[in-house]
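Below is one structure; the comments refer to it alone.
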């Protein structure tokens, strides 16, 4: 065997050995920079997506019901981009039949999980159409390393007929954060609220300011009903679910991937 062929073989072996970790990170960071793959016109022409967008429109509502909405066909990995903030990608966790890193295919999610993945994208869109001031400050932090990119995942508790909080959204890397929601039995979705996003940004900014602009590892605080706007201040449809329900169940911490 020539030295050239040997070198190629060694490189191939190394790629196989480290490809899972490096490939996943590269895939996520590249996808986070992509263009929007759906338009509002496309949503309006899809009755299921339109219904999910409406269900997720109240940015103060932690728990919503998607039980009576159909199962979306298009993959939610296209994400959304608004005012310089974006979320993209797809991960399924908390499903015994799906293991990381092979957990990024649309067909691996439960029906409720697929609904919640889209609902989380629409909630992201609704929040960042009018981003919290803390989010703008975090993205524009002098010397900061984050520019507004997220990667989406769902804790698919519906796969085991459970209801639980999602893992906290967190800064997975200096420049790419996780946008995390949860599915649950009987068509339940739990999705971050605008208040939770503002609290995360405040926490992450404090960490970045004390760490040379690097927020890596900072997390979104848990849902706290007492910190959310009163019901009469909520935007969107009030019948989508009960936000107070989120205070009852705890969730597992985010995986380290």
Among the residues of the stretch 40-57, write down those that are surrounded by fewer than 23 Cβ atoms within 10 Å (Cβ to Cβ) and within 19 Å of residue 130 (Cβ to Cβ). 40, 43, 53, 54, 57
Taking the stretch 173-202, which residues are surrounded by fewer than 20 Cβ atoms within 10 Å (Cβ to Cβ) and farther than 18 Å from residue 128 by Cα? 173, 174, 185, 186, 187
If residue 28 meets every condition in (1) within 26 Å of residue 184 (Cβ to Cβ); (2) at pLDDT below 55; (3) surrounded by fewer than 18 Cβ atoms within 10 Å (Cβ to Cβ) apart from one, which number is that one? (3)
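Could you please let me know if residue 71 is surrounded by fewer than 22 Cβ atoms within 10 Å (Cβ to Cβ) and in a loop (DSSP other than H, G, I, E, B)?
Values: surrounded by fewer than 22 Cβ atoms within 10 Å (Cβ to Cβ): yes; in a loop (DSSP other than H, G, I, E, B): yes.
Yes.
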Of the numbered conditions (1) assigned to a loop (DSSP other than H, G, I, E, B); (2) surrounded by fewer than 22 Cβ atoms within 10 Å (Cβ to Cβ); (3) within 13 Å of the chain's Cα centre (by Cα), residue 77 fails exactly one; give the number of that condition. (1)
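The values are calculated or read from the model by the stated rules, or taken from the named source; none is laboratory data. Not measured: the values here are computed from a predicted model. Cβ atoms come from the backbone with ideal geometry, glycine included; neighbour counts cover every protein chain shown.
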